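Data block below; observations after.
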Amino acid sequence: MDKKQIIALLNKDLEDEHGAIGQYLSHAYAMGEGEMAYEIEAIAREEMRHLDWLAEKIVELGGQPSLERGHMIMGGQSVKQWMENDVRLETGAVEQYRQHIGLIEDKGIKRLLERILSDEESHRTDFGKFVQEAQEGGIKDLRGSHSDDVIKALNWGIEHEYTVILQYLFQSYMTTNREAKKQFEDQAVNEMQHLGWLAEKIVGRKGSPVMKHKEVDTSTDLVHGLKADVKIERQVAEAYEKYAAAADDPGVKRLLLRLRDHELYHVDVFSNLLMEEQFKREEDEEEE
Ligand SMILES: [Fe+2]
Ligand SMILES: [Fe+2]
Ligand SMILES: [Fe+2]
């Protein structure tokens, strides 16, 4: 098996991790606060680590991590049925990792996939328990079909946050600049928090979070990427401020202003990195 084929297999795994994260977070947010939602979010965080490891390995092999979202099993009439879907998704992951471990000869990659496989087996067991607990605990879908301007604004926020999570993760995987890599990772984690807070507010208002994203800037040139980041952060800070002014609910207002402040901080972080990188390039040119 050549490098290109290995990259393709790992990207398939990565896309399915992305799908699993989307599926589990959707379930956790819809259930509101509680022990089970918390545990499901913890599983989603483990899938994020898998996604990270796979992306790093793909880049090491000379490939680019895919941004497509892979297999998901959505639908189901009750939390119990969702948990059954999650068991099914994990069963599929276990089978796929076993298959890929059999196909790939590289010992290091095999070890990585075996490490991930052991997590998926444990997740499958966890979701199996949740099937029981969802029924016994009477855990319900707290979402509603309510829609108003505030819910629309919050869902606009989710769409933005999802987009920049992917953008900053991609940039963190592709850059060789250590400081930039660290900042991209940190800000991506911060945007994940934003997404969770927005979803929580939507469910609190009896609406439904919509997990979709806009086009992601995938330029691999650091200066170009940082310019795109500064631009999108400025836009979102302005939008959150506008939506905060229009929001009727003080809790939502507070959240949107807090997000605005975070995004303004992101503008600073990315602007500084951009200046440093541009300065470095000018110096390099002078030396030549
Ligand atoms: Fe899993
Ligand atoms: Fe954000
Ligand atoms: Fe941001």
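The values are calculated or read from the model by the stated rules, or taken from the named source; none is laboratory data. Values in this document were obtained by computation on a predicted structure and should not be read as measured data. All Cβ positions, even for glycine, are placed from backbone atoms using ideal geometry, and neighbour counts span all protein chains on display.
Could you check, for segment 263-275, whether at least one of its residues is modelled with pLDDT of 95 or more and farther than 24 Å from GLU185 by Cβ? No: zero hits.
The number of residues in segment 186-237 being without any contact (Cβ under 8 Å) to a residue 12 or more places away in the chain, within 18 Å of TYR265 (Cα to Cα) and over 19 Å from the mean Cα position of the chain (by Cα) comes to 2.
Conditions (1) crowded, with 18+ Cβ neighbours inside 10 Å; (2) within 19 Å of GLN64 (Cα to Cα); (3) not assigned by TED's automatic domain parsing to the domain that holds ARG254, marked per residue:
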{"position": "THR125", "(1), (2), (3)": "no, no, yes"}
{"position": "PHE184", "(1), (2), (3)": "yes, yes, no"}
{"position": "HIS194", "(1), (2), (3)": "yes, no, no"}
{"position": "ILE202", "(1), (2), (3)": "yes, no, no"}
{"position": "LYS206", "(1), (2), (3)": "no, no, no"}
{"position": "LYS214", "(1), (2), (3)": "no, no, no"}
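If you check ALA55, ALA44, which single one turns out to be over 15 Å from ASN11 (Cβ atoms), in a helix (DSSP H, G or I), of a type in the set (A, V, I, L, M, F, W, C) and under 18 Å from the mean Cα position of the chain (by Cα)? Only one candidate qualifies: ALA44.
Scanning segment 58-80 for residues that are within 19 Å of MET211 (Cβ to Cβ) and either of a type in the set (Lys, Arg) or outside any loop (DSSP other than H, G, I, E, B) (or both) turns up ARG69, VAL79.
When we screen HIS213, HIS194 for residues that are part of a loop (DSSP other than H, G, I, E, B), in contact with a helix residue (DSSP H, G or I) (Cβ under 9 Å, 6 or more places away or on another chain) and not acidic (Asp, Glu), the only hit is HIS213. Would you call LYS110 more than 16 Å from ligand 2 (Cβ to nearest atom) and either closer than 25 Å to HIS262 by Cα or under 18 Å from the mean Cα position of the chain (by Cα) (or both)? In short, no. Within segment 159-174, track down each residue that is among the charged types (D, E, K, R) and surrounded by fewer than 22 Cβ atoms within 10 Å (Cβ to Cβ). Result: GLU159, single match. Among the residues examined, GLU233 does not qualify as surrounded by fewer than 17 Cβ atoms within 10 Å (Cβ to Cβ) and of a type in the set (D, E, K, R).
Taken over segment 254-288, the criterion of being among the hydrophobic types (A, V, I, L, M, F, W, C) and within 30 Å of GLU200 (Cα to Cα) is satisfied by LEU255, LEU256, LEU257, LEU259, LEU264, VAL267, VAL269, PHE270. Reported count of residues in segment 105-123, each being away from ligand 1 (no atom under 14 Å from the Cβ) and crowded, with 18+ Cβ neighbours inside 10 Å, is 2. Determine, yes or no, whether ILE158 is within 16 Å of ligand 2 (Cβ to nearest atom), of a type in the set (Val, Ile, Thr), closer than 22 Å to MET48 by Cβ and over 17 Å from the mean Cα position of the chain (by Cα). Against the criterion (within 16 Å of ligand 2 (Cβ to nearest atom), of a type in the set (Val, Ile, Thr), closer than 22 Å to MET48 by Cβ and over 17 Å from the mean Cα position of the chain (by Cα)), ILE158 does not qualify. Being modelled with pLDDT of 95 or more and either touching a Phe, Trp or Tyr at 6+ places or on another chain (Cβ under 7 Å) or part of a helix (DSSP H, G or I) (or both) is a description that does not apply to LYS206.
For ILE232, the stated conditions hold: it is part of a helix (DSSP H, G or I), assigned by TED's automatic domain parsing to the domain that holds GLY157 and within 25 Å of GLN64 (Cα to Cα).
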